[in-house]
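First comes the structure, then the notes that go with it.
The values are calculated or read from the model by the stated rules, or taken from the named source; none is laboratory data. What you see is a predicted model; the values in this text were computed from it and never measured. Heads up, the Cβs are rebuilt from the backbone with ideal geometry, glycines too, and the neighbour counts pull from every protein chain shown. To get the accessible areas, we keep the full protein, side chains included, count just its heavy atoms, and leave off ligands, DNA and RNA. Shrake-Rupley method; radii C 1.70, N 1.55, O 1.52, S 1.80 Å.
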Amino acid sequence: MDELPYWETINRYLKRMDPCGLQEAINSLCRRLLRSRAFEDMRIRGKYWQVIIDGTQLYSTRGELDGKSLYRIHQKGTEGEYRESYYYVLEAKLVLHPKIIVSFQTEFVENEDRKEMEKQDCERKACWRLMEKIAEAFPRLPICLCGDSLYACEGFFERCREMGWRYILRYKEGSIPYIAGEYRALKGKEGNYQERVLEDGKEWYDYVEDIDYNGYHVNLVEYGSYRKRVYKKGKRKGETEEERKGFWFATDFPVGRKNVANLVQRGRMRWKIENEGFNTQKKQGYHLEHQYSKDYQAMKNHYYLTQIGHMVAQAMESWEKLWSQNRQSREQRHQRVLESFKKVRLKENREEIGRRIQIRLELE
């Protein structure tokens, strides 16, 4: 093309386009990345690919949206009570590298009965549908699912067992109180506690294996850390602050003294879907929460295109040789790529296009 299409032209096209086509394009890209064997080191215990599940809110408004949107009532029973309508999506991200977390499968959460959203019920139902879509698209892929405490339930354990998948979940006592009770009763007797001294504090691990919950054997791992943080800049320069952290993880992986630290590290990578995933897409130029179209089908397609663009961008940004001498921000780098799309005519480079080349990513 001699020029890029105007945004209204793109929107008219996306209104008619089936979103399943873009989801299949993402599936194809993921298959290509997996088959490249460039990311084999990221497999958990040399076998399982880590897939992180989490939901996020897209466009929201106090006005009315279409029948597919969710809603909730804020400040109920007060003079300031108001209704917020919004779109919500449950996303599965594939971990290829600490710097590369790409879209793997998407499930849009829709309001089927026009009731106020109940997060636990709606998101769990969407998770079951999402798991089925992943199994259909990647039937033989060994997967380890990671998520927050919302998914710590019998239904999740059952589906993972049926599909032959592993799991590492962030666990909170309110999820399944019985497991927490058994852990507290047994951890002192098991003798699995270990501690490591750091320069600025310490960290410790503890775990109990084979907690029987309705026939499912769950291993619970506890991690804690204590650090002293010294402020080196700003108004608080020279001040010291104590920082304490503590997390529990539920998993069906065997746990031992040698691998407990690695398992905790993998469990803590769940936050990457929020930091390297949703936060990047919302705050660093992708405008994920923007209403690109008032048409629901077009809105879905815009979301899928954002995921594809972010996937390409992460691979590009991780190519250290390309950018190591370029002291530009992410936005400036992307702007240069966009300008090249506008200015460089492909027909002027037919010789390069016709010749097979190989590009290697050097990831640290």
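The number of residues in the range 1-48 that are within 14 Å of PHE138 (Cβ to Cβ) and of a type in the set (Phe, Trp, Tyr) comes to 1. It is to be established whether one or more residues within the range 57-80 are under 21 Å from the mean Cα position of the chain (by Cα), within 15 Å of LEU141 (Cβ to Cβ) and aliphatic (A, V, I, L, M). Checked the range 57-80: no residue is under 21 Å from the mean Cα position of the chain (by Cα), within 15 Å of LEU141 (Cβ to Cβ) and aliphatic (A, V, I, L, M). Taking the criterion of being over 20 Å from TYR48 (Cα atoms) and in a helix (DSSP H, G or I), the residues of the range 252-287 that qualify are GLU274, ASN275, GLU276, GLY277, PHE278, ASN279, THR280, GLN281, LYS282, LYS283. LEU96 fulfils the conditions (1) closer than 30 Å to ALA152 by Cβ; (2) surrounded by fewer than 19 Cβ atoms within 10 Å (Cβ to Cβ); (3) not aromatic (Phe, Trp, Tyr) except for a single criterion, (2).
Residue pairs whose Cβ atoms lie under 8 Å apart, sitting 6 or more positions apart in sequence or on different chains, and linking a residue in the range 277-301 that is on the phi > 0 side of the Ramachandran plot to a partner that is among the basic types (Lys, Arg), are GLY285/ARG330. Screening TYR296, TYR286 for residues that are modelled with pLDDT under 90 and either open to solvent by 20 Å² or more (accessible area, probe 1.4 Å) or in contact with a Phe, Trp or Tyr (Cβ under 6 Å, 6 or more places away or on another chain) (or both) leaves exactly one candidate, TYR286. Just checking, which of GLN50, GLN57 is in a strand (DSSP E or B), farther than 20 Å from LYS282 by Cα and polar (S, T, N, Q)? Of GLN50, GLN57, the one residue that is in a strand (DSSP E or B), farther than 20 Å from LYS282 by Cα and polar (S, T, N, Q) is GLN50.
Scanning the range 288-303 for residues that are in a loop (DSSP other than H, G, I, E, B) and out of contact with any strand residue (DSSP E or B) (no Cβ under 8 Å at 6 or more places or on another chain) yields TYR292, SER293, LYS294, ASP295. The set of residues in the range 144-178 that are at pLDDT 95 or above, aliphatic (A, V, I, L, M) and more than 21 Å from the chain's Cα centre (by Cα) is empty.
Of the strands (runs of 3 or more DSSP E) lying entirely inside the range 148-248, those carrying at least 1 residues that are surrounded by 14 or more Cβ atoms within 10 Å (Cβ to Cβ) are 166-171, 201-213, 216-230.
Listed by first and then second residue, the pairs with beta-carbon distance under 8 Å, at least 6 apart or on different chains, first residue in the range 29-46 and open to solvent by 50 Å² or more (accessible area, probe 1.4 Å), second assigned to a helix (DSSP H, G or I), are LEU29/ILE308; LEU29/MET311.
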